Amino acid sequence: MKIINQFFKAATLTTALLSALPADAATVLTYGEPGPNRGARAGATKWFAQEVEKRSGGDLKIDIMWGGALFKANASRQSIAAGVVDMGTIIQDYFPKEMVSFSLTNLPFENLDPWVGLKASYDHMKSAEVSDNLAKQNLAFVTSYMLSSVILICKGDAVRSLDDLQGKKIRGVGTFGKIFGDLGANLVSMSIYKAYQGLGNGLLDCSQGYMDATIALKQHEAADSLTKLNWGIYTGLGIFINQNSLMKLSPSQRKVLDEVAVDFLNHLGKNVIISDNKAEQLLTQGIDGHHMEMISLSPADSKKLHAASQSHIIKWQREAIKSDLDGKGMIEKYKKFLTKYSQERDRQGYPWTR
């Protein structure tokens with residue numbers, strides 16, 4: 001009996017000691033974001049972090065560093081790959097050679113639907129060929145971002161037709177920017193986050209932008225007009241994670257990250273559509289005394305933009321082949337993804353309306 005009592009005393013003491021120990025600490029992934037903590041994209045990023053924490057039961061958390069606090073947009077790829085942060089936003093246009101597999105989704109294909117673009121981009125980026133290409137850079141793709149249809153905001157003379165691009169100082173990025181240059185614009189290398197100052201001090205006449213981002217970055221305060229180009233959507237950015245950080249996650253944590261990444265597409269697609277419509281209404285009405293003239297490029301000029309895009313799509317194909325990628329095959333698959341999700345939307349509506 002004495003031995004039994006001693007056993008129970010020891011067991012009770014062990015239980016007490018274990019209960020006094022702290023629970024396993026949650027895994028916290030640091031996240032680098034070059035943009036400010038406002039606007040549709042920022043709201044979606046916060047939703048992503050909140051859902052990961054909620055669905056993991058607090059086992060996995062994401063700590064977001066806003067406004068380029070740890071690195072600027074042009075250093076995001078190497079910073080994430082080197083482990084300066086665990087994950088973050090990469091804007092492809094800053095890394096045309098290293099991220100050539102990603103840049104396909106930012107070519108001006110004939111699609112103006114944010115949700116369709118997000119879904120097609122995700123399927124492309126999750127392909128084995130792209131995943132292998134990213135793994136060589138110590139990166140893994142998590143999910144797609146997008147900034148909606150490309151527009152131009154201008155100070156002074158507006159862009160009412162493609163002829164008005166001649167001689168204008170335009171901040172243009174990626175293939176969209178190159179085509180502005182092809183059509184006679186003088187391209188100015190400048191971050192979108194500095195376009196406000198550029199428009200204000202005369203370094204820029206116009207800046208390539210996106211409807212909701214115009215308000216988020218307060219660029220409506222420095223511009224007089226906004227031209228809807230009816231040309232294509234900008235999907236050349238996404239969430240990436242350091243490969244080593246990803247491998248350290250438990251199977252359950254990786255499962256949560258993957259599930260939230262898929263649901264993120266519907267969440268962001270819905271928010272971008274709603275935010276863009278709201279932003280257009282606000283910009284048309286005027287915000288705090290700032291009024292912008294709203295212009296829509298003619299269908300004929302929009303067709304010219306699409307025609308001018310074709311040579312750049314072929315150029316991308318050649319660059320992809322140089323990187324040992326199946327450029328032609330990737331383009332064909334991506335077009336099929338766009339068709340697939342356009343047809344799904346037409347038959348079933350958007351996921352949030354079903």
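Pulled fully out, how much extra length does the chain show between residue 157 and residue 266, if you take 0.36 nm times their separation in residues and subtract their Cα-Cα distance?
Taking 0.36 nm per residue and subtracting the Cα distance, the gain is 35.5 nm.
Report the percentage of all Cα-Cα pairs in segment 94-180 whose separation exceeds 16 Å, rounded to a whole percent.
When all Cα pairs of segment 94-180 are counted, 61 percent exceed 16 Å.
Residue 210's amide H: which non-local residues (gap 5+, or another chain) put their own amide H closer than 5 Å, with H modeled 1.01 Å from N in plane and none for Pro or chain starts?
When sequence neighbours closer than 5 places are left aside, the close amide H contacts are 151.
Please give the per residue accessible area of segment 224-354, computed with a probe of 1.4 Å over protein heavy atoms only, in Å².
About 52 Å² of surface per residue is accessible.
Just the C-alpha atoms of segment 292-344: what Rg/Rh do they give, with Rh taken as the Kirkwood radius?
Using Cα coordinates only, the ratio equals 1.14.
Just need the Rg to Rh number for segment 195-268, please, alpha carbons only, Kirkwood Rh.
Taking Rh as the inverse mean 1/r over Cα pairs, Rg/Rh reads 1.18.
Carbon and sulfur: what percent of the chain's accessible surface (1.4 Å probe)?
Ligands and nucleic acids excluded, carbon and sulfur reach 53 percent.
Which of the helices in the chain meet the span-like rule: DSSP H, Cα axial reach of 15 Å or more, Kyte-Doolittle mean at least 0.0?
2-20
Enumerate the amide H contacts of residue 30 below 5 Å, restricted to partners 5 or more residues apart or on another chain; note that Pro and chain-start residues carry no placed amide H.
63, 86, 87
For segment 229-244, take each phi angle, set θ = phi - 60°, evaluate the Karplus expression 6.51 cos²θ - 1.76 cosθ + 1.60, and give the result in whole Hz per residue in order, putting x for glycine and proline.
3J(HN,Hα) across segment 229-244, in whole Hz: 8, 6, 10, x, 10, 9, 10, x, 8, x, 9, 10, 10, 4, 4, 5.
If packing is taken as the average count of other Cβ atoms within 10 Å, what order do 341-350, 161-170, 93-102 fall into, highest mean first?
The peptides rank, most packed first, as 93-102, 161-170, 341-350.
Give me the percent relative contact order of segment 230-354, please, defined on Cα pairs under 8 angstrom at least 6 residues apart.
Relative contact order, segment 230-354: 25 percent.
Once phi is turned into ³J(HN,Hα) by the Karplus curve 6.51 cos²θ - 1.76 cosθ + 1.60 with θ = phi - 60°, what whole-Hz value does each residue of segment 136-147 show in order, with x for glycine and proline?
The phi angles translate into 5, 9, 6, 10, 9, 7, 9, 6, 8, 10, 6, 10 Hz.
Of all alpha-carbon pairs in segment 157-237, indicate the percentage at a distance above 19 angstrom.
It works out to 30 percent of all Cα pairs.
Mind ranking 220-228, 45-53, 295-303, 234-242 by how tightly packed they are, going by the mean number of other C-beta atoms within 10 angstrom, highest first?
Descending packing order for the listed peptides: 234-242, 220-228, 45-53, 295-303.
Any idea which of 121, 152, 135 is furthest toward the positive side of the dipole for segment 106-167, if Lys and Arg beta-carbons carry +1 and Asp and Glu beta-carbons -1?
135
Please work out the FRET efficiency for the pair residue 201 and residue 323, using the Cβ-Cβ distance as r and a Förster radius of 45 Å; give the result to the nearest 0.05.
After rounding to 0.05, the efficiency reads 0.70.
Per Stokes-Einstein, at 37 °C and 0.692 mPa s, what whole-number D in µm² s⁻¹ belongs to the chain, with the Kirkwood radius over Cα pairs as the hydrodynamic radius?
D, rounded to a whole number, is 150 µm²/s.
Cα centroid distance between segment 89-115 and segment 249-307, in Å?
Measuring centre to centre over Cα atoms gives 15 Å.
With the alpha-carbon atoms as the only input, what is the per residue convex hull volume for segment 201-354 in Å³?
212
Can you tell me how much longer the chain between residue 75 and residue 189 gets when fully stretched, taken as 0.36 nm per residue apart minus their C-alpha distance, in nm with one decimal?
Gain on extension, residue 75 to residue 189, equals 39.5 nm.
Let's see if you can work this out: charge +1 on each Lys and Arg Cβ, -1 on each Asp and Glu Cβ, no other charges. What is the dipole magnitude of segment 276-320 about its Cα centre, in debye to the nearest 20?
So the magnitude is around 380 debye.
Probe of 1.4 angstrom, ligands and nucleic acids ignored: what's the accessible area per residue over segment 175-219, in square angstrom?
Averaged over the residues of segment 175-219, the accessible area is 38 Å².
Amide H of residue 232: which non-local residues (sequence gap of 5 or more, or other chain) have their own amide H closer than 5 Å, using H built in the peptide plane?
150
Report P(r) for segment 32-140: all Cα-Cα distances, bin width 5 Å, range 0 to the bin holding the largest distance, values in whole percent.
Cα pair-distance distribution for segment 32-140, in percent: 2, 11, 17, 20, 24, 19, 6, 1, 0.
Relative to the Cα centre, what is the charge dipole magnitude of the chain, using +1 at the beta carbon of each Lys and Arg, -1 at the beta carbon of each Asp and Glu, and rounding to the nearest 20 debye?
660
Could you give the size of the charge dipole of segment 78-168 about its Cα centre, using +1 on the Cβ of each K and R and -1 on the Cβ of each D and E, expressed in debye and rounded to the nearest 20?
For segment 78-168, the charge dipole is close to 140 debye.
How much mean residue ellipticity at 222 nm does the chain get from its helices, if each DSSP H run of length 4 or more adds -39500 (n - 2.57) and you divide by all residues, to the nearest 500 deg cm²/dmol?
My calculation for the chain gives -16000 deg cm²/dmol from helical runs alone.
List the residues of segment 126-151 whose backbone N lies under 19 Å from a point placed 7 Å from the Cα of residue 82 along the Cα-to-Cβ direction.
What the label zone holds, given the 19 Å backbone N cut-off, is 135-140.
The values are calculated or read from the model by the stated rules, or taken from the named source; none is laboratory data. Quick caveat: nothing in here was measured; it's all calculated off a predicted structure. Neighbour counts are summed over all protein chains in view; Cβ atoms, including those assigned to glycine, are modelled from backbone coordinates with ideal geometry. Just so you know, the surface numbers come from the protein's heavy atoms only, side chains and all, with ligands and any DNA or RNA stripped out. Shrake-Rupley method; radii C 1.70, N 1.55, O 1.52, S 1.80 Å.
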